[in-house]
Amino acid sequence: MKQILAILGDGPADPVLAAAWLVAKRFGGQITGLLGTGTEDAAAPAWQDGLSIYAALDPVDAGERDAQQAKAAASFHRFLQARDVQFGAVPRRHKGVTAFWCGNGSRAPRAISTRSLLFDLIVMARPDRPTSPAGITLEDTLFSSGRPVLVCPKRAPTQLGDSIAIAWNGSTESAQTVALAMPLLKRARRVIVIATGRSDMPEPGPSGAEFGAALTRHGITVHLRAAVGRQKRQGESFLREAQDAAADLLLKGAYARNRLRQLVFGGATRQILLASPIPVLIAR
């Protein structure tokens, strides 16, 4: 994971930058920062099960946009310079973390998700609500970029990737998330597979034991734990087991069940994104 995109919003930048820096340290990567969705677009598309749903955004004037951009850029430079991160052009053989602030370009969700195609990992803050500008950007990036998205809680992490929990429900989305996160898993000190029983899987899939055995073929030592229930209860169970195992990162396939159904009735993915006290890596 050499190329990391840190998308900053209106909230505190430190949780996003701390998570991006912790990952970049593991791989000698570059962190590219940009300011996420603002409100310069009257409507921005969010994608739900292949349907484009437009959410109204309040417009702001150019002066406010410039102020937001300057504040985000200052936070980006302050945080990373304090950690001796190199900015600008560096020798090709440089092995430390480097950084670049991307101050130009559209902040519309689709433009950001298109730019995300160039990166190995996207890091964002947890949105306060799904229909906020940050929520729209998260969903569009998740559904359109094909890249894993690391969603950060409001508290900045102090470690990330030492102890990784996997929320396994036998779904294609879970398998895809694990495949994209394999570089992190191979460097983890401890990997915990938290698996649902087959009766609680959204579709028939391998058991937690079968999945754990597959991971061991990659040289990964796996510890097994069990989750119970469905939808919201299942999400709560995944979180409880991850916390009991002292995990500092949770991997979760995004929306294995119908996306619109989860939006209305709740579900494991939604529960985890709203409540997790640790960063969550999601993919679809």
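The values are calculated or read from the model by the stated rules, or taken from the named source; none is laboratory data. Not measured: the values here are computed from a predicted model. Ideal geometry is used to build each Cβ from the backbone, glycine not excepted, and the neighbour counts take in all protein chains shown. To get the accessible areas, we keep the full protein, side chains included, count just its heavy atoms, and leave off ligands, DNA and RNA. Shrake-Rupley method; radii C 1.70, N 1.55, O 1.52, S 1.80 Å.
Between the alpha-carbon centres of region 169-202 and region 1-36 there is a gap of 23 Å.
Quick check: at a probe of 1.4 Å, how many percent of the accessible area of region 128-257 sits on carbon and sulfur atoms? Before the final figure, lay out the partial values.
Details: 2560 of 5400 Å².
C and S atoms contribute 47 percent here.
Can you give the convex hull volume per residue for the Cα atoms of region 126-284, as a whole number of Å³?
Numbers: hull volume 15.6 nm³, N = 159.
So the per-residue Cα hull volume is 98 Å³.
Given R₀ = 30 Å, FRET efficiency for Thr216-Thr114 by Cβ-Cβ distance, to 0.05?
Numbers: r = 38 Å, r/R0 = 1.25.
Calculated transfer efficiency: 0.20.
Compute the FRET efficiency between Cys102 and Gln176 as 1/(1 + (r/R0)^6), taking r as their Cβ-Cβ distance and R0 = 41 Å, and round to the nearest 0.05. Present the calculation step by step, with values, prior to reporting the outcome.
Details: r = 27 Å, r/R0 = 0.66.
E between Cys102 and Gln176, to the nearest 0.05, is 0.90.
The length gained by stretching the chain between His223 and Asp162 to full extension, at 0.36 nm per residue less their Cα-Cα distance, is 20.6 nm.
Listed here are the pairs Lys2/Lys252; Lys71/Lys95; Lys154/Lys232; Lys2/Lys154; Lys25/Lys232; which of them are more than 32 Å apart at the Cα?
From Lys2/Lys252; Lys71/Lys95; Lys154/Lys232; Lys2/Lys154; Lys25/Lys232, over 32 Å: Lys25/Lys232.
You can think of it this way: the chain between Ala209 and Lys154 has 16.5 nm of extra reach, that is 0.36 nm per residue less the Cα-Cα gap. Note on Asp84 and Ser199: their simple-model spin labels are 5.6 nm apart, each label 7 Å out from Cα toward Cβ.
For Gly161, what charge total do you get from the other residues with a beta carbon under 12 Å from its beta carbon, if Lys and Arg give +1 and Asp and Glu give -1?
Numbers: positive: Lys25, Arg26, Lys186, Arg187, Arg189, Arg190; negative: Asp162, Asp248.
Spelling it out: positives minus negatives among the neighbours equals +4.
Using the Cβ-Cβ distance between Arg93 and Arg240 with R0 = 51 Å, the FRET efficiency computed as 1/(1 + (r/R0)^6) comes to roughly 0.65.
Using a ≥ b ≥ c from the Cα gyration tensor of region 175-241 (square roots of the eigenvalues), is it rounded, prolate or oblate, where a/c under 1.5 gives rounded and otherwise the larger of a/b and b/c decides, a/b for prolate? Write out the running numbers ahead of the final one.
Working: a/c = 1.96, a/b = 1.64, b/c = 1.20.
Prolate.
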